[in-house]
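Read the structure below first, then the notes.
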Amino acid sequence: METLIQDIRYGARMLMKNPGFLIVAVITLGLGIGANTAIFSMVDSLLLRPLPVQDPGRIAVLAMQQKNGAVQPAFSFPDYRDIQSQTSQTFSALAGYILGLDGISSGGAKPERIMTSYVSGDFFSTLELKPVLGRFILPSEGKTLGADPVMVISYSYWKTHFGGDAGIVGRKVSVDGHPITIIGVAPEGFYGVSSLVAIQGYMPISLAPMGGYPRDFMTNRASRVVIVLGRLTSGADIQKANASLAVVAQRLSQQYPDVDRDLGVKAFAELRARPNPDPNNTVLVVSSLFLGLAALVLLLACVNVANILLVRATIREREMAIRAALGAARARLIRQLLTESILLALAGGVVGILLGKWGSSALSSIHLQTDLPVHFDFHFDWRVFAYAFLFAVLTGIVVGLVPAIRASRGNLIAILHAGGRGVVGGKNRLRSTLVVAQVGGSLMLLIIAGLFTRSLGKAQQTNLGFNPSHLLNMTMDPNEIGYDDVQYREFYKNLLDRVRAVPGVQSASTASSVPLGYINSGDTLTVEGYQPPPDQAAPLIQYNLISQDYFVTMEIPMLTGRTFKSTDDANTQYVGIINEAMAKQFWPNADPIGRQFKIGSDQKHWIQVVGVVKDARFQGLRGPVQSYFFLPFLQQYVGNSLETLQVRTLGTPEAMTPEIERVVGALAPDLPVFDVNTMSQALNTLNGLLFYQIGAVLAALLGILGLVLAVVGVYGVISYASNQKTHEIGVRMALGAQRTDILKMIFRQGLFIIAIGLTLGIAMALGAARLFGSFLAVSPMDPVTYFGVSTILVTVALAACYLPARRAMRVDPMVALRYE
């Protein structure tokens with residue numbers, strides 16, 4: 001221990017003797033560690049941080065799949081109850097919940113929107129939570145439709161909206177116009193079990209129709225709205241749970257073939273079910289890829305510092321040889337130099353943590369273009385600190401090991417005789433090799449950044465199929481102020497009439513979904529005359545509930561048939577309008593007008609196709625446009641009060657916002673209006689442009705860091721090599737060599753390093769780009785990106801070579817001949 005303390009003290013003194021080297025090395029390592037720490041903090045929050053519940057590793061999330069159809073996170077309430085009753089040997093408890101958006105008011109104040117969760121009575125007991133105040137919803141509550149009007153609020157909502165009032169238990173509030181009693185406060189730090197959103201209130205699942213869900217959801221096996229999670233028994237794991245669930249799913253398939261045919265049910269560990277259960281682990285793959293890029297930046301930083309330490313090792317060979325001659329063992333010398341490099345890396349780790357915290361804060365402030373209570377909590381916990389500390393120590397070992405071994409090999413007689421010049425060759429080859437790796441790694445990072453930037457540009461130029469300019473969005477839900485079906489249908493009719501009369505309004509309509517937004521509806525279809533292939537489930541198609549002038553407002557061309565009429569209401573033939581993709585999928589060689597289909601949640605009504613519209617981007621910007629259909633709001637208004645008012649204006653939409661809000665306020669003074677933005681702004685969602693924006697920014701930052709490190713490495717090697725050749729340059733110039741000859745000599749080495757680095761980098765980029773291929777809007781082998789990025793790197797690297805070459809050309813032959 002005493003010798004270790006001596007090594008630390010001596011190492012600190014040696015580092016402080018050269019403050020320039022110390023600052024450059026610490027900042028270099030800090031940038032690498034900071035990039036890793038920031039991205040890891042995001043991955044930790046999204047994928048690694050367990051739920052703040054008892055024994056979170058035993059929490060599993062269930063998902064269903066029919067044949068080879070899409071994996072769906074929601075079950076029908078009857079299926080949930082059947083699974084619960086038949087898996088008691090595997091799950092000690094199984095709970096269900098439904099997400100909601102509701103309006104809450106207290107003491108006569110104007111309602112405000114909150115994110116809610118309608119939960120089964122055993123929800124909190126399954127998670128084994130304890131309330132801060134009051135009690136939780138009981139297992140006996142929530143079993144009868146409309147019964148048990150009680151509510152548990154989150155700790156953060158209690159603090160921010162009720163001032164932490166200890167007398168909150170028993171207080172009456174109004175939720176969606178219904179009297180509700182607050183019975184408890186959830187524990188601090190618990191934001192629900194839904195990723196990215198913070199739940200602010202919990203109510204019994206029996207109250208879900210109050211929030212707009214179908215009134216028959218507790219009996220309708222086709223109404224899949226319940227998300228299911230469970231706690232595994234002490235003797236069960238995911239594999240045993242899946243075996244048990246397979247048996248239950250087979251029984252349900254046989255008992256209810258109309259809706260559960262070929263049903264499959266699987267359990268996913270809760271950490272692997274964020275944001276939704278996904279067999280492909282898409283979020284994990286993307287996170288791992290960006291962590292890999294960040295790790296590459298740190299590797300480049302390590303190479304850079306290792307190069308600097310190799311120079312220091314050369315300079316200190318005389319010192320090491322003398323210490324060895326005085327009796328110091330080689331292991332002792334290596335330990336001393338490793339201590340210095342680890343101290344250096346730990347200092348870089350401190351800088352990295354500070355930069356990482358800043359980066360995490362920046363990532364947490366990403367605006368997702370929604371007023372939903374998004375929960376981004378990229379704070380530094382022990383895992384992030386452990387990650388940063390581990391990387392700092394490993395970095396110290398990596399950057400210091402080779403220089404320490406080389407310095408400890410010193411032979412006193414040879415070194416004194418060589419005067420510091422004779423042993424340079426081998427080290428220069430090693431340093432050149434390391435710089436080749438830097439150039440290659442930097443090029444790979446820049447190419448990935450270029451591909452994401454090009455993808456963003458292409459996504460921005462994508463033909464959306466509608467015109468987003470001069471379009472204003474306002475979302476509202478009259479159910480939040482207690483309107484019933486008849487009242488909010490009348491409200492939307494009057495709202496559209498008044499908004500259309502406002503000067504400057506070209507057209508107005510309502511829709512349940514905004515293109516590329518977060519709120520989407522989908523259902524399985526039964527298509528008349530269509531039979532799915534034997535290995536496929538019933539098709540699951542997204543749809544939208546719209547008002548009469550929707551296609552005029554969105555400027556989506558009608559190809560054939562008619563638009564919806566004011567007479568298309570619940571008392572007439574149910575009708576629908578489909579897009580081109582759906583027409584080609586189900587009626588490829590026939591006229592779809594007059595054909596019929598049913599949606600899974602409503603088996604009573606056949607929907608007749610009355611029109612076909614041009615394809616438009618509603619679900620994403622990648623890949624072909626998917627099948628999509630539209631239903632008239634007047635026929636489907638029951639339970640569908642959440643609508644977005646979309647207004648096409650002659651002038652700028654922002655200028656029209658106050659007037660449109662006054663119209664809404666005049667009709668319903670207490671109605672909360674949210675997600676007020678232009679359609680152009682609304683495109684910046686994770687389903688739209690935001691994914692490419694985040695990818696481009698992150699990849700670009702990592703690429704720029706890599707480029708800076710590579711340029712510094714190239715400059716360092718060429719500068720060091722030219723300095724070592726000062727004597728040789730003097731001899732050449734004394735023998736008649738011109739300055740251009742010296743320039744060519746210096747540039748030749750730089751070009752050799754750059755050329756090999758480019759070859760290596762392109763090969764690495766081709767492999768890495770394929771991993772990102774499914775997330776890009778351009779080809780992973782996009783020639784424009786590869787050529788453009790390579791040109792930039794070569795230009796900057798050659799500029800780094802020019803500075804030492806220019807200095808070498810100015811060498812005075814007489815001074816050089818006296819060198820050393």
Item to complete: Could you please find all residues in the range 222-261 being open to solvent by 70 Å² or more (accessible area, probe 1.4 Å), among the charged types (D, E, K, R) and more than 12 Å from Ile83 (Cα to Cα)?
Response: Lys240, Asp258, Arg261
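If a residue must be aliphatic (A, V, I, L, M) and closer than 29 Å to Gly773 by Cβ, how many such residues does the range 608-664 contain? I'd like the intermediate steps shown before the answer.
Narrowing the range 608-664 to residues aliphatic (A, V, I, L, M): 609-610, 612-613, 616, 621, 625, 631, 634, 638, 642, 645, 647, 650, 655-656, 660, 663-664.
Still in the running and closer than 29 Å to Gly773 by Cβ: 616, 621, 625.
Counting residues in the range 608-664 that are aliphatic (A, V, I, L, M) and closer than 29 Å to Gly773 by Cβ gives 3.
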Worksheet item: Which of (1) crowded, with 17+ Cβ neighbours inside 10 Å; (2) over 29 Å from the mean Cα position of the chain (by Cα); (3) of a type in the set (Lys, Arg) is the odd one out, the single condition Arg274 does not satisfy?
Response: (2)
Fill in: Residue list for the range 85-110, filter: within 18 Å of Tyr157 (Cβ to Cβ) and under 32 Å from the mean Cα position of the chain (by Cα)
Tyr97, Leu99, Gly100, Leu101, Asp102, Gly103, Ile104
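Would it be correct to say that Asp568 is closer than 25 Å to Asp176 by Cα, open to solvent by less than 20 Å² (accessible area, probe 1.4 Å) and of a type in the set (Asp, Glu)?
Working: closer than 25 Å to Asp176 by Cα: no; open to solvent by less than 20 Å² (accessible area, probe 1.4 Å): yes; of a type in the set (Asp, Glu): yes.
Answer is no for this residue.
Do we find a residue being among the aromatic types (Phe, Trp, Tyr) and open to solvent by 10 Å² or more (accessible area, probe 1.4 Å) anywhere in the range 508-519? Show your work before the answer.
Pass one, the range 508-519, residues among the aromatic types (Phe, Trp, Tyr): 518.
Restricting the remaining residues to those that are open to solvent by 10 Å² or more (accessible area, probe 1.4 Å) gives 518.
Checking the range 508-519: at least one residue is among the aromatic types (Phe, Trp, Tyr) and open to solvent by 10 Å² or more (accessible area, probe 1.4 Å).
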Worksheet item: What do you reckon, is Asp591 farther than 30 Å from Asn220 by Cβ, out of contact with any Gly (no Cβ under 8 Å at 6 or more places or on another chain) and open to solvent by 20 Å² or more (accessible area, probe 1.4 Å)?
Response: yes
Worksheet entry | Hits in the range 651-663 (condition: within 33 Å of the chain's Cα centre (by Cα) and in a loop (DSSP other than H, G, I, E, B)) | Thr652
Worksheet item: Can you find a residue in the range 360-377 that is at pLDDT 70 or above, under 24 Å from Leu430 (Cβ atoms), open to solvent by less than 30 Å² (accessible area, probe 1.4 Å) and assigned to a helix (DSSP H, G or I)?
Response: no
Item to complete: With the checklist (1) open to solvent by less than 30 Å² (accessible area, probe 1.4 Å); (2) more than 30 Å from Asp670 (Cβ to Cβ); (3) not acidic (Asp, Glu) in hand, flag the one item Leu430 doesn't pass.
Response: (1)
Fill in: Residues (over 14 Å from Glu112 (Cβ atoms) and assigned to a helix (DSSP H, G or I)) located in the range 153-167
Tyr155, Ser156, Trp158, Lys159
Worksheet item: Applying the selection to the range 95-113, what residues are assigned to a strand (DSSP E or B) and free of Cβ contacts under 8 Å to residues at least 60 places away in the same chain?
Response: none
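May I ask you to list the residues in the range 456-505 that are in a helix (DSSP H, G or I), among the hydrophobic types (A, V, I, L, M, F, W, C) and over 18 Å from Ser547 (Cβ atoms)? Steps first, answer last, please.
Taking the range 456-505 first, the residues in a helix (DSSP H, G or I) are 456-460, 478-481, 485-500.
Those still in the list that are among the hydrophobic types (A, V, I, L, M, F, W, C) too: 456, 459, 481, 486, 491, 495-496, 499.
Listed by number, the residues that qualify are Leu456, Ala459, Ile481.
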Discussion item. I'd like the full set of residues that are out of contact with any Leu (no Cβ under 7 Å at 6 or more places or on another chain) and closer than 24 Å to Leu127 by Cα, limited to the range 146-163.
Written reply: Ala147, Asp148, Val150, Met151, Val152, Ile153, Ser154, Tyr155, Ser156, Tyr157, Trp158, Lys159
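Can you name the strands (runs of 3 or more DSSP E) wholly within the range 572-650 that have at least 1 residues being under 27 Å from Met679 (Cα atoms) and in contact with a strand residue (DSSP E or B) (Cβ under 6 Å, 6 or more places away or on another chain)? Steps first, answer last, please.
Values: elements: 575-579, 596-599, 602-613, 628-632, 643-649.
Fully inside the range 572-650 and qualifying: 575-579, 602-613, 628-632, 643-649.
Taking the condition hydroxyl-bearing (Ser, Thr, Tyr) and either at pLDDT 90 or above or assigned to a helix (DSSP H, G or I) (or both), does Tyr530 pass?
Values: hydroxyl-bearing (Ser, Thr, Tyr): yes; either at pLDDT 90 or above or assigned to a helix (DSSP H, G or I) (or both): no.
Judged against the criteria, Tyr530 is not a match.
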Discussion item. Any residue that is modelled with pLDDT of 75 or more, surrounded by 15 or more Cβ atoms within 10 Å (Cβ to Cβ) and under 30 Å from Leu99 (Cα atoms) - is there at least one of those in the range 384-405?
Written reply: no
Discussion item. Pairs please, first residue from the range 542-554 and touching a residue at least 60 places away in the same chain (Cβ under 8 Å) and farther than 17 Å from Asp568 by Cα, second anywhere and of a type in the set (A, V, I, L, M, F, W, C) and in a loop (DSSP other than H, G, I, E, B), Cβ atoms under 8 Å, 6+ apart in sequence or on different chains.
Written reply: Gln542/Phe618; Met554/Phe466; Met554/Ala616
Practice prompt. Sort out which residues of the range 210-235 are more than 17 Å from Ser521 (Cβ to Cβ) and not charged (D, E, K, R), and write them in order of number.
Written response: Met210, Met218, Thr219, Val228, Leu229, Gly230, Leu232, Thr233, Ser234, Gly235
Worksheet item: Which one of these does Arg648 not meet: (1) over 20 Å from Arg498 (Cα atoms); (2) open to solvent by less than 40 Å² (accessible area, probe 1.4 Å)?
Response: (1)
Fill in: Members of the range 188-243 found to be touching a Ser or Thr at 6+ places or on another chain (Cβ under 9 Å), closer than 21 Å to Pro78 by Cβ and in a helix (DSSP H, G or I), listed by number
Ile205, Ser206, Gly211, Ala241
Response to the item:
Only unsatisfied item for Thr560, checking (1) open to solvent by 30 Å² or more (accessible area, probe 1.4 Å); (2) at pLDDT 95 or above; (3) outside any strand (DSSP E or B), is (3)
Worksheet item: Looking at (1) open to solvent by 10 Å² or more (accessible area, probe 1.4 Å); (2) modelled with pLDDT under 95; (3) not hydrophobic (A, V, I, L, M, F, W, C), which is the only condition Gly134 fails?
Response: (2)
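Please state which one of Gln636, Gln608 is out of contact with any helix residue (DSSP H, G or I) (no Cβ under 9 Å at 6 or more places or on another chain) and buried (at least 17 other Cβ atoms within 10 Å of the Cβ).
Details: Gln608 fails: buried (at least 17 other Cβ atoms within 10 Å of the Cβ).
Result of the check over Gln636, Gln608: Gln636.
The values are calculated or read from the model by the stated rules, or taken from the named source; none is laboratory data. This is a predicted model, so every value here is computed, not measured. Cβ sites come from the backbone with ideal geometry, for glycine too, and all protein chains shown count toward neighbours. Surface accessibility is based on the protein's heavy atoms, side chains included, excluding ligands, DNA and RNA. Shrake-Rupley method; radii C 1.70, N 1.55, O 1.52, S 1.80 Å.
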